[in-house]
2 protein chains.
Amino acid sequence: MVRNNGIESPSPRPRIHQTHPHDTPLFQSTVSQSNLRRFNYWILIFRLSAFCFSLSASVFILTINAAAAYSPDSPRWYRFGAFRFVFAANAIAAVYSFFQIGASVWEIYSGCTLFSEYSQVWFDFGHDQVFAYLLLSAGSAGTELARQLREVDTCRANNAFCIQSDVALALGFAGFLSVLISCLLSGFRVVCFIIKGSRFLH
Amino acid sequence: MVRNNGIESPSPRPRIHQTHPHDTPLFQSTVSQSNLRRFNYWILIFRLSAFCFSLSASVFILTINAAAAYSPDSPRWYRFGAFRFVFAANAIAAVYSFFQIGASVWEIYSGCTLFSEYSQVWFDFGHDQVFAYLLLSAGSAGTELARQLREVDTCRANNAFCIQSDVALALGFAGFLSVLISCLLSGFRVVCFIIKGSRFLH
């Protein structure tokens, strides 16, 4: 069973770390137990929705050619750089969200975080930020490509292709929103942690 | 002279507000005066760089047709939706940064914020977030359009057009990075404010 001393990060602030594995975790002493549990459920919900939306978006992109009325001269999604970007960004976000769901469930059931508190809150917040920007960037680039495809004759020749890519982009933006809300929640967690954990701000 | 009771926002937390205009502002009592001053200078630097980069990006987009070797059949930037988006996003960010520079300078010289503390820190952080996402989205869409223009023959026919749009996009991304760092700094300010200002987290 991994307790809070599972992975210790090198830190200039030794006060933060638990000296004994069976001490109450720091974050739980900040917010009361029931608040913490409710808060963790909210995070879990948005992690789940981020996972579902990102996974659907990447599957939709991946199956454009299989699902659209196939003809040998129809455009392939992987010929377009922006669609490859959308696929990769959503796949990465889906994998990340999957592991974060695992970490959330672990925290709800065992009452302690996977890494040390300090690593966990900053890891969550940092990665949420990066993946939110990644998904937005991919979504914008993909949307611009889809708009360009409408101006040339690609969409008139093969409308199913464009409709499916639009759906994938919409799912990608929904995934972005979920990651954005997770990011705000994990930012709040960082604030809670700093209040008790850092000497500098006390 | 506008003191902290200049604009009072409706707030459920009356403790936050200053009862007398000549009280020491709340944020200044959290971090020491010299730290606060250094921190404000850092914010001012990144606001300045955000302003310069965003303004340059929008001017570069605006003058594509004037500066590039002009011919009656050369493409116009305002015919492309993504370039209009890049122009608008950068212009908005430049105007926002300009006012934020004013607010920063005011805070450094007068020692108090333009709005009430509570409004100011949340206003800064929220707007920085929104404009960072806006600039990134515009940059991504513009980059995808520029890539598409290279694939068709637009760039071979009028290379100056493409080079200037590339420079504008690069400046836009530099502006995004500046706003992103301002956003992290103003997020830190929100944390500092919450630590002293909110009853819930004490």
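The values are calculated or read from the model by the stated rules, or taken from the named source; none is laboratory data. Because the structure is predicted, anything quoted here is derived from the model rather than measured. Positions of Cβ are backbone-derived with ideal geometry, glycine not excepted, and every protein chain shown enters the neighbour counts.
A quick yes/no check of all residues on (1) within 13 Å of chain B (Cβ to nearest Cβ); (2) in contact (Cβ under 8 Å) with a residue 24 or more places away in the chain:
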{"residue": "A:PHE83", "(1), (2)": "yes, yes"}
{"residue": "A:GLU117", "(1), (2)": "no, yes"}
{"residue": "A:GLY142", "(1), (2)": "yes, yes"}
{"residue": "A:GLN148", "(1), (2)": "yes, no"}
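Has the stretch A:78-85 got at least one residue that is within 18 Å of the chain's Cα centre (by Cα) and closer than 14 Å to A:ALA57 by Cβ? Yes, the stretch A:78-85 contains a residue that is within 18 Å of the chain's Cα centre (by Cα) and closer than 14 Å to A:ALA57 by Cβ.
Regarding A:ARG3, is this residue more than 20 Å from the chain's Cα centre (by Cα), modelled with pLDDT under 90, of a type in the set (Lys, Arg) and exposed (fewer than 15 other Cβ atoms within 10 Å of the Cβ)? Criteria not met by A:ARG3. So, B:ALA132, is that one within 11 Å of chain A (Cβ to nearest Cβ), more than 16 Å from B:ILE43 (Cα to Cα) and part of a helix (DSSP H, G or I) or not? Here the answer is no, as B:ALA132 does not meet what is asked. Within the stretch A:87-105, the set of residues being in contact with a Ser or Thr (Cβ under 8 Å, 6 or more places away or on another chain) and either over 30 Å from A:ASP166 (Cα atoms) or among the β-branched types (Val, Ile, Thr) (or both) comprises just one member, A:ALA103. Of the residues examined, A:ILE61 is one that is closer than 28 Å to A:CYS162 by Cα and modelled with pLDDT under 95. The test for being aromatic (Phe, Trp, Tyr), within 18 Å of the chain's Cα centre (by Cα) and in a helix (DSSP H, G or I) does not hold for A:PHE193. Within the stretch A:104-113, the residues that satisfy the criterion of being over 16 Å from A:SER49 (Cβ atoms) and either buried (at least 19 other Cβ atoms within 10 Å of the Cβ) or within 13 Å of chain B (Cβ to nearest Cβ) (or both) are A:GLU107, A:CYS112, A:THR113. Here A:SER71 meets each of (1) among the polar types (S, T, N, Q); (2) part of a helix (DSSP H, G or I); (3) modelled with pLDDT under 75 with one exception, condition (2).
Kindly evaluate A:GLY142 against the criterion of being of a type in the set (Gly, Ala, Ser), in a helix (DSSP H, G or I) and under 30 Å from B:ASP128 (Cβ atoms). Talk me through it step by step, then tell me what you get.
Details: of a type in the set (Gly, Ala, Ser): yes; in a helix (DSSP H, G or I): yes; under 30 Å from B:ASP128 (Cβ atoms): yes.
Answer is yes for this residue.
With respect to the conditions (1) surrounded by fewer than 24 Cβ atoms within 10 Å (Cβ to Cβ); (2) away from chain A (no Cβ under 11 Å), B:PHE125 falls short on a single one, namely (2). Being within 12 Å of the chain's Cα centre (by Cα) and either in a helix (DSSP H, G or I) or at pLDDT 95 or above (or both) is a condition met by at least one residue of the stretch B:152-172. Applying a threshold of 7 Å to beta carbon distances and a minimum spacing of six or more residues, or different chains, the list of pairs starting in the stretch B:92-115 at a residue that is modelled with pLDDT under 95 and ending at one that is surrounded by fewer than 19 Cβ atoms within 10 Å (Cβ to Cβ) and of a type in the set (S, T, N, Q) reads B:SER104/B:ASN40; B:GLU107/B:ASN40; B:ILE108/B:ASN40. Of all residues in the stretch B:150-183, how many are within 14 Å of another protein chain (Cβ to nearest Cβ) and surrounded by fewer than 16 Cβ atoms within 10 Å (Cβ to Cβ)? So the count comes out to 4.
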